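Read-outs: derived from the displayed coordinates by stated rules, not from any lab. These figures come from a predicted structure and were not determined experimentally. Reconstructed Cβ throughout: ideal geometry from the backbone, glycine too, with neighbour counts over all protein chains shown.
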Amino acid sequence: MAKLKILKKNSPGLRCPCRPVTEITPRILTLLDDMAETMYDADGCGLAAPQVGVLRRVVVIDVGEGLMELINPEIIAAEGEQCESEGCLSVPGEWGITRRPAKVTVRAQDRNGNWFEKTGEGLLARCFCHELDHLDGKLFIDPGIMIERLEPAK
Ligand code: GNR
Ligand code: NI
């Protein structure tokens, strides 16, 4: 396992669309392990591969119910609306209120290549949207996502 460097806001890699994983190689499995270690070390609840400089559709999430590994994730259903606070490890010190669906269902592959579905509400729904946005080069501070900037706590 290795802790990876998290790219910050101005890095061009964070603005690139990521390519699907076509074959789950040992490199992808090592990436998943290293991303989990990096996420836990940084106290984040999710991490997307482009944040560590890898332009592939790979995400890890843990909102307190255990580690979730998502390869080639897609949102297949979304309903309702929530406007809650959000931050990003690549945008340190900035927080804002985003408009996101209240309930989101994702379809993804696990590390064995098997497809599964997972539905989340609240923070998990926000994390699904936030991490999948990273795979398309989007950040929560972008217009249309963040609806209100929160001042940093002093
Ligand atoms: O650590 C994180 N917290 C968070 C809070 C609300 C909504 C989304 C997130 S994800 C973020 C970690 C991160 O930057 N993932 O890409
Ligand atoms: Ni982020």
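Below are the figures for this structure:
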{"item": "Close pairs from the range 118-135: first on the phi > 0 side of the Ramachandran plot, partner buried (at least 21 other Cβ atoms within 10 Å of the Cβ), Cβ under 8 Å, at least 6 apart", "result": "none"}
{"item": "Every residue from the range 7-35 that is more than 15 Å from ligand 2 (Cβ to nearest atom), part of a helix (DSSP H, G or I), among the aliphatic types (A, V, I, L, M) and surrounded by 16 or more Cβ atoms within 10 Å (Cβ to Cβ)", "result": "Ile28, Leu31, Leu32"}
{"item": "Test for Asp41: is it within 25 Å of Pro152 (Cα to Cα), assigned to a helix (DSSP H, G or I) and either out of contact with any Asp or Glu (no Cβ under 8 Å at 6 or more places or on another chain) or within 15 Å of ligand 1 (Cβ to nearest atom) (or both)", "result": "yes"}
{"item": "Residue selected from the range 47-81 under the condition farther than 30 Å from Thr25 by Cα and assigned to a strand (DSSP E or B), by the criterion nearest to ligand 2 (Cβ to nearest atom)", "result": "Ala78"}
{"item": "Total residues in the range 50-73, condition more than 10 Å from ligand 1 (Cβ to nearest atom) and either loosely packed, with under 13 Cβ neighbours inside 10 Å or among the aliphatic types (A, V, I, L, M) (or both)", "result": "11"}
{"item": "Residue in the range 117-138 that is among the hydroxyl-bearing types (Ser, Thr, Tyr) and surrounded by fewer than 16 Cβ atoms within 10 Å (Cβ to Cβ) present", "result": "yes"}
